[in-house]
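Take a look at the structure set out below.
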Amino acid sequence: LDHLPDKGPVVLATNTRSLEACLHLVSATDRATGFLITDAAQIASLPAWLRWAVQWSSLGQWLPGANGADEHRVKQKIQHALAHGRVVALSMEGGWIRERLLSELAAPVLPVWYEAAPKPEGRRRQRIYILAGRVLPAGCSRADIEREWQRLAEEVTQRAVRGGPLRHVEFAEH
């Protein structure tokens, strides 16, 4: 991720929708990155080694219907991580909870676009594209993030059509 600051707190605002995609994102950063789990049911379906990776790199679970105490505990963990200069990844898919949380965090925001190319027939590996946008100031809006995502998605498409250079990562199916 070219635009990821070398140090200091930052929130990665991603369009990822699955735990596997979150793990891809974490592996693409060169800094310790914690993420917020929003779908505990997906954890159970992962192989044991991926469940361990999720538990190691997650900041907690923010599940639909969580009570106020759970919400407060997760917010404290995220704020603690940012206060110590860490990277926190939040999937912005799924609603107002993340938008509200993002507006309360005092850290710059790096929009990150995640896109998986169709898996080629007969291959175990799939190309994954992860592009980071411009760093946005703390307190930016969801609309600011979505504009940057749109620009990044267009960049992926344009480079693919023109055959221009586009770094990718290949992950084996588990």
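Scanning segment 78-105 for residues being open to solvent by 20 Å² or more (accessible area, probe 1.4 Å) and either of a type in the set (Phe, Trp, Tyr) or at pLDDT below 85 (or both) gives a total of 10. Being part of a helix (DSSP H, G or I) and not hydroxyl-bearing (Ser, Thr, Tyr) is the requirement here; does Lys119 meet it? In short, no.
Of all residues in segment 120-147, exactly one satisfies the criterion of being within 17 Å of Pro5 (Cα to Cα) and of a type in the set (D, E, K, R), namely Arg134.
Within segment 136-156, residues that are within 15 Å of Leu12 (Cβ to Cβ) reach partners that are assigned to a helix (DSSP H, G or I) with beta carbons closer than 6 Å, at six or more positions or on different chains, in the pairs Leu136/Asp144; Arg142/Glu99.
Hey, could you check segment 1-50 for residues that are touching a Phe, Trp or Tyr at 6+ places or on another chain (Cβ under 8 Å) and assigned to a loop (DSSP other than H, G, I, E, B) and say which is modelled with the highest pLDDT? Ranking the qualifying residues of segment 1-50, first place goes to Asn15. Taken together, Arg147, Arg124, Arg134, Arg142 contain a single residue that is surrounded by fewer than 18 Cβ atoms within 10 Å (Cβ to Cβ), basic (Lys, Arg) and more than 17 Å from the chain's Cα centre (by Cα), which is Arg124.
Taking residues in segment 1-23 that are open to solvent by 10 Å² or more (accessible area, probe 1.4 Å), and partners anywhere that are of a type in the set (Phe, Trp, Tyr), the pairs with Cβ atoms closer than 8 Å and at least 6 places apart or on different chains are Asn15/Trp113; Asn15/Tyr114; Asn15/Trp149; Cys22/Phe35.
The values are calculated or read from the model by the stated rules, or taken from the named source; none is laboratory data. Since the model is a prediction, treat every value here as computed from it, not as a measurement. Positions of Cβ are backbone-derived with ideal geometry, glycine not excepted, and every protein chain shown enters the neighbour counts. Calculation scope for accessible area: heavy atoms of the full protein, side chains included, ligands and nucleic acids excluded. Shrake-Rupley method; radii C 1.70, N 1.55, O 1.52, S 1.80 Å.
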